[in-house]
Amino acid sequence: MENQAKDEKGKFDKENHGLSLLMYRENILDLYKYPHNFGSLNQATHSHREFNALCGDDITIKLIINNKDNKIENIKFQGSGCAISMASASLLTDEIKGKTLKEIETIDKDKILNMLQIPISSVRLRCALLCLDALKGALK
């Protein structure tokens, strides 16, 4: 597992790993309660909604893209869902705001999971990636 803490001999350190996971889980809950870039964007040039029928997560991403330099001037998301889907959308919007379309085209599943910094089960994977699907849909 990528996020496992190891001691100086390279052995898994359960105590420190537990503290790390707790810290990251707290961050996920903070982003759920107080998401970054959450809200409406009236002058959006691009928009897309994704819905996860399995759990009810619902995310719409709206962007303003400057056509001169293909830069994301502003991005917001709206919706409702679990802590993982809301935190993931918050982290993704922070990551891409101000970047060019070229700079964000390499964002993929692994990047999203790395930003979350917690283990994601296969059942929760769709929750974590819903914002990425919404972003890709908005950029089509």
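The values are calculated or read from the model by the stated rules, or taken from the named source; none is laboratory data. For clarity, every value in this text was computed on a predicted model and none was experimentally measured. Every residue, glycine among them, receives a Cβ derived from its backbone with ideal geometry; neighbour counts consider all protein chains shown.
Can you spot a residue in the range 47-67 that is at pLDDT below 95, exposed (fewer than 14 other Cβ atoms within 10 Å of the Cβ) and either under 19 Å from the mean Cα position of the chain (by Cα) or within 20 Å of LEU125 (Cα to Cα) (or both)? Yes; the residues of the range 47-67 include at least one that is at pLDDT below 95, exposed (fewer than 14 other Cβ atoms within 10 Å of the Cβ) and either under 19 Å from the mean Cα position of the chain (by Cα) or within 20 Å of LEU125 (Cα to Cα) (or both).
Can you tell me which of (1) crowded, with 16+ Cβ neighbours inside 10 Å; (2) modelled with pLDDT of 95 or more is the one GLU103 doesn't meet? Failing condition for GLU103: (1). Only residues that are farther than 24 Å from LYS71 by Cβ and loosely packed, with under 15 Cβ neighbours inside 10 Å were counted in the range 111-140, giving 5.
Tell me which residues, restricted to the range 37-46, are surrounded by 17 or more Cβ atoms within 10 Å (Cβ to Cβ) and either outside any loop (DSSP other than H, G, I, E, B) or not polar (S, T, N, Q) (or both). LEU41, ALA44, HIS46 - these are the residues of the range 37-46 that are surrounded by 17 or more Cβ atoms within 10 Å (Cβ to Cβ) and either outside any loop (DSSP other than H, G, I, E, B) or not polar (S, T, N, Q) (or both). Look at LEU54 and say whether it is in a helix (DSSP H, G or I), farther than 18 Å from TYR34 by Cα and touching a residue at least 24 places away in the same chain (Cβ under 8 Å). For LEU54, the condition - in a helix (DSSP H, G or I), farther than 18 Å from TYR34 by Cα and touching a residue at least 24 places away in the same chain (Cβ under 8 Å) - is not met. Any residue that is within 17 Å of ILE61 (Cβ to Cβ), at pLDDT 95 or above and in contact with a Lys or Arg (Cβ under 8 Å, 6 or more places away or on another chain) - is there at least one of those in the range 86-94? Yes, some residue in the range 86-94 is within 17 Å of ILE61 (Cβ to Cβ), at pLDDT 95 or above and in contact with a Lys or Arg (Cβ under 8 Å, 6 or more places away or on another chain).
What do you reckon, is GLY79 of a type outside the set (Lys, Arg), surrounded by fewer than 14 Cβ atoms within 10 Å (Cβ to Cβ) and either on the phi > 0 side of the Ramachandran plot or touching a Phe, Trp or Tyr at 6+ places or on another chain (Cβ under 9 Å) (or both)? When the stated conditions are applied, GLY79 does not pass them. Evaluate the following for MET86: is it surrounded by fewer than 20 Cβ atoms within 10 Å (Cβ to Cβ), aliphatic (A, V, I, L, M), in contact (Cβ under 8 Å) with a residue 12 or more places away in the chain and not in a loop (DSSP other than H, G, I, E, B)? Considered against the rule, which asks whether it is surrounded by fewer than 20 Cβ atoms within 10 Å (Cβ to Cβ), aliphatic (A, V, I, L, M), in contact (Cβ under 8 Å) with a residue 12 or more places away in the chain and not in a loop (DSSP other than H, G, I, E, B), MET86 comes out as no.
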